[in-house]
Amino acid sequence: MINFQLMIAVADLLNIDSLAELKAILDDELFQITRLFADQLMDEVDKLQRVIDQGDMVGINRQAHSLKGSSANMGATALAAAALKIEKAALAKDHVLIAETMSFLPELADQTLSAMKASGYLRDA
């Protein structure tokens, strides 16, 4: 079920210019890379939730950093920003901010993948 309060415009989820630039450089190889990103994204979100559940601030920081990097590389700007927020919160040991941000991260990940499909940068497997 979609939470319409979290519906975000494609332009707010993705840096389309970055994706277009990658497409110009990589051509159809980009679709293999975006498919790999899509296939691994929910696992990355699940790993982040597991280290949060364990209260492992170093692990949270590392996992959020990894998610931030992979998201930024794919032009997933909103997802990268949320991961950065968790990364910084882990350094500050801010459990409340981590929980607040994590509460919408899985849906944000889903919306990001939907936006990638809608904009033509992610093909079905």
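The values are calculated or read from the model by the stated rules, or taken from the named source; none is laboratory data. Quick caveat, the model's predicted, so the values are computed rather than measured. Cβ sites come from the backbone with ideal geometry, for glycine too, and all protein chains shown count toward neighbours. Each accessible area value is taken on the protein alone, full model and side chains, heavy atoms only, with ligands, DNA and RNA left out. Shrake-Rupley method; radii C 1.70, N 1.55, O 1.52, S 1.80 Å.
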**Study point:** Matching residues, the range 74-94, being in contact (Cβ under 8 Å) with a residue 24 or more places away in the chain and surrounded by fewer than 16 Cβ atoms within 10 Å (Cβ to Cβ)
**Key:** LEU91, LYS93
Exercise for review: Kindly establish whether SER71 is without any contact (Cβ under 8 Å) to a residue 12 or more places away in the chain, in contact with a Leu (Cβ under 9 Å, 6 or more places away or on another chain) and either part of a helix (DSSP H, G or I) or open to solvent by less than 60 Å² (accessible area, probe 1.4 Å) (or both).
Suggested key: no
Exercise for review: State whether one or more residues within the range 10-30 are among the acidic types (Asp, Glu), touching a residue at least 60 places away in the same chain (Cβ under 8 Å) and within 24 Å of SER103 (Cβ to Cβ).
Suggested key: yes
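Please count how many residues of the range 50-68 are among the charged types (D, E, K, R) and either touching a Cys at 6+ places or on another chain (Cβ under 7 Å) or surrounded by 22 or more Cβ atoms within 10 Å (Cβ to Cβ) (or both).
Filtering the range 50-68 down to residues among the charged types (D, E, K, R) leaves 50, 53, 56, 62, 68.
Filter again for either touching a Cys at 6+ places or on another chain (Cβ under 7 Å) or surrounded by 22 or more Cβ atoms within 10 Å (Cβ to Cβ) (or both), leaving none.
Counting residues in the range 50-68 that are among the charged types (D, E, K, R) and either touching a Cys at 6+ places or on another chain (Cβ under 7 Å) or surrounded by 22 or more Cβ atoms within 10 Å (Cβ to Cβ) (or both) gives 0.
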Exercise for review: State all residues of the range 84-125 that are under 23 Å from GLU21 (Cα atoms) and among the hydrophobic types (A, V, I, L, M, F, W, C); if no residue qualifies, say none.
Suggested key: ALA109, LEU113, ALA115, MET116, ALA118, LEU122, ALA125
Check your understanding: How many residues are farther than 11 Å from TYR121 by Cβ and either within 16 Å of the chain's Cα centre (by Cα) or buried (at least 16 other Cβ atoms within 10 Å of the Cβ) (or both) if we restrict to the range 16-49?
Key -> 12
Check your understanding: Considering only the range 7-65, how many residues are in contact with a Gly (Cβ under 9 Å, 6 or more places away or on another chain) and not in a helix (DSSP H, G or I)?
Key -> 2
